[in-house]
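The values are calculated or read from the model by the stated rules, or taken from the named source; none is laboratory data. For clarity, every value in this text was computed on a predicted model and none was experimentally measured. Note that each Cβ is placed from the backbone with ideal geometry, even for glycine, and that neighbours are counted across all protein chains shown.
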Amino acid sequence: MKKIISIGWQTLKKPSAYFSLGFLVIGGFIMGIIFWGGFNTALEATNTEQFCISCHEMEDNVYEEMKTTIHFSNRSGVRATCPDCHVPHKWTDKIARKMQASKEVWGKIFGTINTREKFLAHRKRLAQNEWTRLKANDSLECRNCHNFDYMDFTAQSGRAAQQHSTSLASGDKTCIDCHKGIAHQLPDMKGVEGW
């Protein structure tokens, strides 16, 4: 065992072309920590409402609409922000969503929705993309705040209690199936399944 440790230590001390292997390993470890810290800092900085509405396309369109909904202002004082509804909380899901959303940078660069008219022309497609994503992940972002297990059906309207206790319990529906337009105005719904 002592011989193995000695060989390992000699290898770490042995210089590469310019630096010892030990220096490279320790330097790589330190650089990894710096990179990881910078990456997570950037990830969290881009996961704020302020970042989302820094583009006038978002501030002038969907953010203005959200201000009129219960997700923005309500009796409890709990407010949902853009990342609460559009970015999963779990790290691996968040990274996947950020990679998907990176194509929005191209839209910003090329002015895909930089005017109200362009936004309205693309609104249905954009909404359907979000609805499809939420349907595929069983409305994960909704469930971060609205946990089915803790719903008090007695505090809900009769219709809501009926729908939540049957449709959601059966597993064939998810939040977005019934709650499209809950935080943003609906596009023209002609041709949308179920409408």
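Quick look at the numbers
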| read-out | value |
| --- | --- |
| Flag for Asn137 being in contact (Cβ under 8 Å) with a residue 60 or more places away in the chain, farther than 18 Å from Thr69 by Cα and not hydrophobic (A, V, I, L, M, F, W, C) | no |
| So Asn147, is it closer than 26 Å to Asp93 by Cα and at pLDDT below 85 | yes |
| Number of the exception - Glu193 against (1) of a type outside the set (Ser, Thr, Tyr); (2) under 28 Å from Asp93 (Cα atoms); (3) modelled with pLDDT of 85 or more | (3) |
| Residue count, the range 152-189 (criterion: modelled with pLDDT of 85 or more and either β-branched (Val, Ile, Thr) or part of a loop (DSSP other than H, G, I, E, B) (or both)) | 17 |
